[in-house]
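First up is the structure itself, then whatever we jot down about it.
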Amino acid sequence: MNKLLIVGTVAFDAIETPFGKTDKILGGAGTYIGLSAAFFNLQSAIVSVVGDDFPQEYLDLLTDRNIDISGLEVVKGGKTFFWSGRYHNDLNSRDTLDTQLNVLADFQPKVPENYKNADVVMLGNLHPLVQSSVIDQMTTKPKLIVLDTMNFWMDCALPELLAVMKRVDVITINDEEARQLSGEHSLVKAAAKIQTMGPKYVVIKKGEHGALLFHEQDVFFAPALPLEEVFDPTGAGDTFAGGFAGFITQSENVSFENMKNAIIYGSNLASFCVEKFGTERMVSLDKEEVVARLKQFKSLTQFDIEL
């Protein structure tokens, strides 16, 4: 089986939406990416850090899905990264209420020896220097390196972000971040400019409006499935990234045509994530449901037209 190396936060989240609120629950980019990628035929490992306040049941939840956690450092006496947020009525915008970096503040990622030759590396949203240090530890060049980032790093670590972007193949960001990074309002122009910064492929996530994939002159658009209920968007982007990277890892094909399928697989898994709070839906999800919804995606966009 091919190997996927996942780097990202494993955390506690407290979430408030118009439909309810939670106390501390399992969250973090690395968690969502790992749970999503677990639906594919691959070997995966998460590189991250938690405090000793992190429950054993959460660690078991990851290992039960055959996720290698030998690179998940547990800091004795440390506290796990915590994020709290409140979503507005449209669920597209949110306010961060609290961020406690805790053990993440001094995180030095250590890639397990048996994953230094991983086929695909998925760099979740973290400080660009942390992302770079993971690439430094790889002993063989991965077939594909995917990087996720956000406007926070564009504001406070832009030189470091631009440096790591030169070393990756794919970048995944949302439309607002694509505009900020490129200085272009048109997403087509934004993607073209971002490709000159390093990544050969640009994925722009548009939430409930789907996702765009750009490569040179090629463009692909995948819709988001219209859902009756969206409960909590937290982790949807990371679930999408996990599906994208997981499908590429399983299929061993890094062509633009195959990335189209990866985008659909990612969008499909993300559509489940938003149905419940936190990771709850991803934990209860089974493969039959995933396949059934993939068929819905296919019928959503398939049509015959005579030209």
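Brief remarks on what is shown
- Against the numbered list (1) at pLDDT 95 or above; (2) more than 27 Å from Trp83 (Cβ to Cβ); (3) in contact with a helix residue (DSSP H, G or I) (Cβ under 6 Å, 6 or more places away or on another chain), Asp238 comes up short only at (2).
- For the range 165-202, residues that are basic (Lys, Arg) and either open to solvent by less than 50 Å² (accessible area, probe 1.4 Å) or over 13 Å from His215 (Cα atoms) (or both) total 3.
- Residue in the range 234-255 that is in a strand (DSSP E or B) and within 14 Å of the chain's Cα centre (by Cα) present: no
- Test for Glu252: is it acidic (Asp, Glu) and in contact (Cβ under 8 Å) with a residue 60 or more places away in the chain: yes
- Pick from the range 56-70, criterion open to solvent by 10 Å² or more (accessible area, probe 1.4 Å) and touching a helix residue (DSSP H, G or I) at 6+ places or on another chain (Cβ under 9 Å), ranking: nearest to Ala118 (Cα to Cα): Asp68
- Scanning the range 1-57 for residues that are in a loop (DSSP other than H, G, I, E, B), hydrophobic (A, V, I, L, M, F, W, C) and either within 16 Å of Val283 (Cβ to Cβ) or modelled with pLDDT of 95 or more (or both) gives Val10, Ala38, Phe39, Phe40, Leu42, Phe54.
- From the options Leu227, Leu162, Leu212, residue that is open to solvent by 10 Å² or more (accessible area, probe 1.4 Å) and under 25 Å from Lys141 (Cα atoms): Leu162
- Filter result (in contact with a helix residue (DSSP H, G or I) (Cβ under 8 Å, 6 or more places away or on another chain), in a helix (DSSP H, G or I), open to solvent by 20 Å² or more (accessible area, probe 1.4 Å) and touching a residue at least 24 places away in the same chain (Cβ under 8 Å)) within the range 261-297: Ile264, Tyr265, Val283, Arg293, Leu294
- Close pairs from the range 142-166: first modelled with pLDDT of 95 or more, partner part of a loop (DSSP other than H, G, I, E, B) and among the basic types (Lys, Arg), Cβ under 9 Å, at least 6 apart: Ile145/Arg167; Leu147/Arg167
- So Thr279, is it over 12 Å from Ala37 (Cα atoms), of a type in the set (Val, Ile, Thr) and modelled with pLDDT under 95: no
- Verdict on Asp68 being of a type in the set (D, E, K, R) and over 18 Å from the mean Cα position of the chain (by Cα): no
- Subset of the range 215-224 that is under 21 Å from the mean Cα position of the chain (by Cα) and outside any strand (DSSP E or B) - its residue that is surrounded by the most Cβ atoms within 10 Å (Cβ to Cβ): Ala224
Residues are listed down the side, and each one gets a yes or a no for (1) touching a residue at least 12 places away in the same chain (Cβ under 8 Å); (2) outside any strand (DSSP E or B); (3) loosely packed, with under 15 Cβ neighbours inside 10 Å:
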| position | (1), (2), (3) |
| --- | --- |
| Gly85 | yes, no, no |
| Asp90 | no, yes, yes |
| Leu97 | yes, no, yes |
| Val103 | yes, yes, no |
| Val111 | yes, yes, no |
| Met122 | yes, no, no |
| Leu126 | yes, yes, no |
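The values are calculated or read from the model by the stated rules, or taken from the named source; none is laboratory data. Predicted model, so just to flag it, every value in this text is computed and none were measured. Quick reminder, even Gly has a Cβ in these numbers, built from the backbone with ideal geometry, and neighbours come from all protein chains shown. Remember, those area values only see protein heavy atoms, side chains included, never the ligands or the DNA or RNA. Shrake-Rupley method; radii C 1.70, N 1.55, O 1.52, S 1.80 Å.
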